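Take a look at the structure set out below.
Throughout, read-outs are computed from the coordinates displayed, never taken from laboratory work. Note that this is a predicted model, so its numbers are computed, not measured. Every residue, glycine as well, gets a Cβ built from its backbone with ideal geometry; the counts of neighbours run over all protein chains shown.
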Amino acid sequence: MTRVAMTKSDPNSNLGRYMREIQQFPLLEPDEELDLARRFLGADDPAAMHRLVTSHLRLVARIAVGYRGYGLPLGEVISEGNIGLLRAIRRFDPDKGYRLATYSMWWIRAAIQEYILHSWSLVKIGTTAAQKKLFFNLRKVKQQMSHLDSGDLSAEIIDRIATKLDVPDYEVVNMDRRLSSPDRSLNVPISVMGQGEWQDMLADEGSDQESVLAEQQHAGALRNLLQKGISTLNPREQAILTERRLRDTPTTLEDLSQRFGISRERVRQIEARAFEKLRLQMLATLPADQAPDTVYQ
């Protein structure tokens with residue numbers, strides 16, 4: 001395959017020359033296209049593949065030109081369209097009765113649209129069928145309705161667009177706002193003087209050192225109070241309270257009843273009594289203004 005047929009490695013340079021060169025490849029007659037397609041399908045003939053590709057490069061270019069409004073390099077858009085053409089030729093069945101151009105244009109558009117969706121924004125913008133439909137049709141529909149003003153759409157316009165494109169109203173609102181506010185770099189200067197960038201204005205959502213230190217000290221004080229409070233309980237109360245309240249997976253009443261040779265209800269009563277004694281001990285030791293909510297539970 002020639003360099004002209006595959007522009008992926010050279011999408012922008014000498015684009016004008018490339019557009020002139022592809023016009024020199026002759027179009028195929030129906031019988032000739034059918035013969036070439038069968039040769040490629042049956043024997044994977046590279047010469048037949050070359051003829052099929054080069055005869056449709058101008059179709060790719062014509063479709064790609066229709067996507068110039070998305071601000072991406074035309075050469076790259078054409079390159080992606082050429083990849084779609086290759087995929088179409090490999091899947092084309094010449095005995096179905098339709099022309100390769102009719103079949104391949106869907107593959108070409110799909111490849112170009114997929115490229116635009118992944119390149120237009122740093123944030124993934126079109127993941128559902130409704131979002132893709134809106135991305136490629138919203139601007140055109142707004143233009144048809146003579147509604148290209150800035151700002152949010154009115155409820156009436158939203159309803160008309162949603163009905164026309166058969167998508168939910170909220171999808172229209174979300175896509176319109178995203179298309180109206182393209183990505184901006186956080187490294188853009190705040191002013192024309194170039195002093196400071198937008199990222200400098202972002203607030204740190206993490207805790208400051210003073211808060212972290214205060215929380216650590218408070219947690220340490222509570223642990224000390226807990227240890228002192230537990231030490232006032234008798235050994236059986238300590239064991240039951242620890243197993244029932246201080247384990248990631250509490251021990252069952254049944255297991256504890258077997259361990260201590262008492263009923264499950266008795267275990268529950270000891271647990272409740274031990275917890276109440278611990279709570280009162282901690283409240284008596286900790287200043288009222290520092291008592292955490294967990295002490296009362």
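Structure notes:
- Stretch gain in nm, segment Ala129-Ala284, where the contour uses 0.36 nm per residue and the Cα spacing is subtracted: 49.5 nm
- The modelled label-to-label distance for the pair Arg87/Ala272, using points 7 Å beyond Cα in the direction of Cβ, is 6.7 nm.
- Peptide ranges 235-246, 214-225 listed from the most packed, as the mean C-beta count within 10 angstrom indicates: 235-246, 214-225
- Segment 212-296: projected area of the alpha-carbon convex hull, averaged over directions, in nm²: 6.0
- Taken over the alpha carbons of segment 15-119 as equal point scatterers, the Debye sum produces base-10 log I(q)/I(0) values at 0.11, 0.15 Å⁻¹ of -0.33, -0.60.
- Listed residue pairs exceeding 22 Å between alpha carbons, taken from Lys228/Lys277; Lys132/Lys164; Lys96/Lys132; Lys96/Lys133: Lys96/Lys132; Lys96/Lys133
- With each label modelled as a point 7 angstrom along the Cα→C-beta vector, the Arg139-Trp106 pair spans 2.6 nm.
- Legend: calculated FRET efficiency, Thr252 to Glu156, from the Cβ-Cβ distance at R0 = 51 Å, rounded to 0.05, equals 0.20.
- Per-residue HN-Hα couplings for segment 104-117 [Karplus 6.51, -1.76, 1.60; θ = phi - 60°; Hz; x = Gly/Pro]: 6, 4, 5, 5, 5, 4, 4, 5, 5, 5, 4, 5, 5, 4
- With 0.36 nm allotted per residue and the present C-alpha distance subtracted, the Gln23-Tyr170 stretch has 48.4 nm of extension available.
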